[in-house]
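The values are calculated or read from the model by the stated rules, or taken from the named source; none is laboratory data. Source: prediction; values computed, not measured. Methodologically, a virtual Cβ is constructed for each residue, glycine included, from the backbone with ideal geometry; neighbour enumeration extends over all protein chains shown. Ligands, DNA and RNA are excluded from the accessible area calculation, which covers all protein heavy atoms including side chains. Shrake-Rupley method; radii C 1.70, N 1.55, O 1.52, S 1.80 Å.
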Amino acid sequence: MFMVMVLFSLSSTRGVTSFFLCSSSNLSILNRGVKEVSLRAFDKKNLVTKSPESLVKGKELSWEIYNHTICDCCKVGDIDRAMTLLARMEASGLHPNLISYTHLIEALGSIGRTLEAEAVFQEMICSGFKPRVNLYNVLLRVFLKKGLLGGAVKVLDVMDDLGICRNQETYEVLLDYYVNAGRLEDTWGIINEMRRKRFQLSSFVYSKIIGLYRDNGMWKKAMGIVEEIREMGMSLDKQIYNSIIDTFGKYGDLDEALEVFEKMRQEGLRPDITTWNSLIRWHCKVGDLSKALELFTQMLEQGLYPDPKIFITIISCLGEQGKWDVIKKNFETMKYRGYKKSGAIYAVLVDIYGQYGKFADAEECISALKSEGVQLSASIFCVLANAYAQQGLCEQTLKVLQLMEAEGIEPNIIMLNVLINAFGITGRHMEALSIYDQMKESGISPDVVTYSTLMKAYIRARKFDKVPEIYEQMEYAGCTPDRKAREMLQAALMVLEQRPYMY
């Protein structure tokens with residue numbers, strides 16, 4: 001008999017260490033007389049308002065108070081108390097409502113506790129609820145946020161087996177992950193499926209398409225999408241503006257990027273962290289450090305929580321110029337503004353770059369971040385790996401990758417590019433090539449950065465004859481070579497032409 005694999009591992013914190021394996025027949029039994037409830041089934045005004053602090057240990061609580069308090073705990077980030085209340089509620093023979101289950105899954109997923117999120121979801125099914133597509137999207141987002149593609153695929157399989165149709169949100173969650181992971185073929189597969197099923201391509205989708213073209217060096221196609229959006233009469237929202245700004249920045253047209261930035265603000269759209277990151281990063285890239293620091297200060301004045309990815313860019317530029325006093329000043333400013341967790345990441349990066357030399361070991365570095373309460377993500381691992389790579393600490397870069405995988409986070413294209421660079425810096429071009437081969441085998445499409453980094457690795461290893469081959473592969477893959485790639489090709493060809501006269 002065909003088995004619908006709904007394999008959800010239950011967390012040991014709930015006192016269970018086994019796995020649920022529900023067959024299709026088991027699910028049909030569970031679904032007899034099942035309550036199909038939408039997220040609006042319960043109205044807040046019908047719940048008893050009571051603060052978590054007012055609950056007395058051992059006091060008998062009503063079903064309404066349990067549900068209301070669990071939701072409140074999740075909203076304020078006290079997930080441990082919410083889980084304790086859930087255990088206490090179940091011990092008294094009660095079960096949460098759908099809203100409580102949803103809050104628990106979202107809260108657990110937001111802090112990376114995916115095993116417990118899975119367990120709560122499975123328990124909800126076994127309690128008689130039949131989740132609708134929106135709740136499956138929540139679980140899908142939980143998996144993909146942590147890079148657990150295998151878990152996300154299982155969720156999609158269960159949806160298909162139970163006849164739960166994917167909606168616009170499902171496709172956009174998948175699209176977001178595939179673009180960020182550099183999975184070109186999967187991205188186009190999702191877009192084509194949306195078109196076949198007549199889903200409207202929203203501004204979110206268009207912004208992702210622009211980003212996809214941009215990251216693969218297809219500058220003209222990216223700007224062509226912008227013209228297509230204008231012709232359709234679709235108003236440009238924040239996501240599309242961010243994609244346009246980043247596209248202009250990547251190709252060195254910073255005046256245009258700033259002009260779009262000002263137009264965005266004039267239209268009443270408040271720039272978010274993505275907007276600021278793009279502008280700061282590309283100004284650093286062209287060496288306009290004063291403008292980059294000006295933008296960074298403006299971002300802090302706007303009260304935005306800084307993204308750790310931007311720290312590596314600023315520190316790299318300041319470090320190259322020996323301006324450690326400016327780094328320290330920025331760090332103190334961040335602490336003063338209360339950005340403790342970002343400040344912790346900032347401090348670790350400064351240490352890696354040699355000011356203090358405290359974190360020579362990647363494992364020490366990760367432990368330090370955990371002790372500061374920093375929630376680890378693919379982005380943070382990539383930032384740390386790049387910091388080690390730039391210092392030529394190849395083994396530590398590799399260790400960051402291993403620690404990332406140990407956390408259950410799937411390496412993305414940024415991490416793999418960093419690893420190629422680390423091997424290239426240390427002259428280990430064959431290992432750089434093996435990473436490139438593994439990327440293609442795993443379905444991750446190399447981007448312009450991948451090809452350029454590999455070309456640079458061959459040049460460092462004096463394997464100049466391999467550079468034109470990589471350049472051809474880049475063009476064959478549909479990536480438009482950037483200025484750096486073209487310059488490396490010319491340099492390699494000049495060496496090859498001179499070789500007969502050098503001996």
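Tabulated data for the structure shown
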{"quantity": "Of all residues making up segment 399-417, the number that are outside any helix (DSSP H, G or I) and surrounded by fewer than 19 Cβ atoms within 10 Å (Cβ to Cβ)", "calculated": "2"}
{"quantity": "Pair list, Cβ under 7 Å, 6 or more apart: segment 183-208 residue in contact (Cβ under 8 Å) with a residue 40 or more places away in the chain, other residue buried (at least 21 other Cβ atoms within 10 Å of the Cβ) and not in a helix (DSSP H, G or I)", "calculated": "183/444; 183/445; 184/216; 184/445; 185/445"}
{"quantity": "Scope segment 149-163; condition open to solvent by 40 Å² or more (accessible area, probe 1.4 Å) and of a type in the set (A, V, I, L, M); matching residues", "calculated": "153, 162"}
{"quantity": "Test result for residue 224, among the small types (Gly, Ala, Ser) and touching a Cys at 6+ places or on another chain (Cβ under 7 Å)", "calculated": "no"}
{"quantity": "The one condition in (1) in contact with a Cys (Cβ under 7 Å, 6 or more places away or on another chain); (2) among the hydroxyl-bearing types (Ser, Thr, Tyr); (3) within 22 Å of residue 310 (Cβ to Cβ) that residue 426 fails to fulfil", "calculated": "(3)"}
{"quantity": "Those residues of segment 388-397 which are in contact with a helix residue (DSSP H, G or I) (Cβ under 7 Å, 6 or more places away or on another chain) and either open to solvent by less than 40 Å² (accessible area, probe 1.4 Å) or modelled with pLDDT of 85 or more (or both), in sequence order", "calculated": "388, 389, 392, 394, 396, 397"}
{"quantity": "Pair list, Cβ under 6 Å, 6 or more apart: segment 372-387 residue surrounded by fewer than 21 Cβ atoms within 10 Å (Cβ to Cβ), other residue in a loop (DSSP other than H, G, I, E, B) and of a type in the set (A, V, I, L, M)", "calculated": "375/111; 378/409"}
{"quantity": "Within segment 60-71, tally of residues that are in a helix (DSSP H, G or I) and open to solvent by 40 Å² or more (accessible area, probe 1.4 Å)", "calculated": "2"}
{"quantity": "Number of positions in segment 427-441 that are in a loop (DSSP other than H, G, I, E, B) and open to solvent by less than 60 Å² (accessible area, probe 1.4 Å)", "calculated": "1"}
{"quantity": "Near pairs, Cβ below 7 angstrom, 6+ apart or cross-chain, from segment 352-363 (open to solvent by 50 Å² or more (accessible area, probe 1.4 Å)) to any residue that is modelled with pLDDT of 80 or more", "calculated": "363/399; 363/403"}
{"quantity": "Cross-chain or 6+ apart pairs with Cβ under 6 Å, segment 472-484 first and under 15 Å from residue 185 (Cα atoms), then surrounded by 17 or more Cβ atoms within 10 Å (Cβ to Cβ)", "calculated": "479/216; 479/217; 479/448"}
{"quantity": "Checklist (1) within 30 Å of residue 318 (Cβ to Cβ); (2) part of a helix (DSSP H, G or I); (3) open to solvent by 20 Å² or more (accessible area, probe 1.4 Å) applied to residue 471, failing item", "calculated": "(1)"}
{"quantity": "Among the residues listed as 234, 223, 264, 194, the single one being outside any loop (DSSP other than H, G, I, E, B) and open to solvent by 30 Å² or more (accessible area, probe 1.4 Å)", "calculated": "223"}
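Residue by residue, here is whether (1) part of a loop (DSSP other than H, G, I, E, B); (2) open to solvent by 10 Å² or more (accessible area, probe 1.4 Å); (3) within 30 Å of residue 161 (Cβ to Cβ) holds:
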{"residue": "74", "(1), (2), (3)": "no, yes, yes"}
{"residue": "77", "(1), (2), (3)": "yes, yes, no"}
{"residue": "84", "(1), (2), (3)": "no, yes, no"}
{"residue": "88", "(1), (2), (3)": "no, yes, no"}
{"residue": "105", "(1), (2), (3)": "no, no, yes"}
{"residue": "118", "(1), (2), (3)": "no, yes, yes"}
{"residue": "122", "(1), (2), (3)": "no, no, yes"}
